[in-house]
Amino acid sequence: QVQLVESGGGLVQPGGSLRLFCEASGSIFTIYGMGWYRQAPGKQRELVATITDESITTYKDSVKGRFTISSNNARNTVILHMNDLKPEDTADYYCKAEIKETMFARRTEYWGRGTPVTVSA
């Protein structure tokens, strides 16, 4: 079984910074990619940033230049560095990973339970 645990969310003023952490644990053979998604109240979940096992990154347009995603493959960890935060960044942030648990298993997506980020004065 695989678990993803997020941490680092909280309350921050506009223009401030936060770092979100996500660690994958359990039966892991290979991690193909990890990413961060967010869901604001009354809205659908949306992609924020992803990183592949080859360190190829993608970002939502509105966070480019402000957010940076990085990974530590040895520790099965992905970090989202968020700078110049805006009220519209307020949401629950979820970690997702695409993982094979064994050599012959199929790729499976796993989600964390989320961590809240509130940007407010």
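Here are some notes:
- Each Lys and Arg adds +1 at its Cβ and each Asp and Glu adds -1 at its Cβ; summed about the Cα centre, region 76-121 shows a dipole of about 260 debye.
- P(r) histogram, all alpha-carbon pairs of region 10-65 included - 5 Å bins from 0, percent: 4, 13, 19, 25, 21, 10, 7, 1, 0
- Accessible surface of region 3-121 [probe 1.4 Å, protein heavy atoms]: carbon and sulfur percent: 48 percent
- Basic side chains Lys and Arg get +1 at the Cβ, acidic Asp and Glu get -1 at the Cβ, and with that the dipole of the chain about its Cα centre reaches some 80 debye.
- Positive-end residue of 70, 102, 82, charge dipole of region 67-121 with Cβ unit charges: 102
- Accessible area in the full protein assembly, largest first, 1.4 Å probe, for 106, 45: 106, 45
- Rolling a 1.4 Å probe over the heavy atoms of the protein chains gives region 22-121 an accessible area of 57 Å² per residue.
The values are calculated or read from the model by the stated rules, or taken from the named source; none is laboratory data. This one's a predicted model, so the numbers in the text were calculated from it and none came from an experiment. Neighbour counts run over all protein chains shown; Cβ positions are idealised from the backbone, glycine included. Just so you know, the surface numbers come from the protein's heavy atoms only, side chains and all, with ligands and any DNA or RNA stripped out. Shrake-Rupley method; radii C 1.70, N 1.55, O 1.52, S 1.80 Å.
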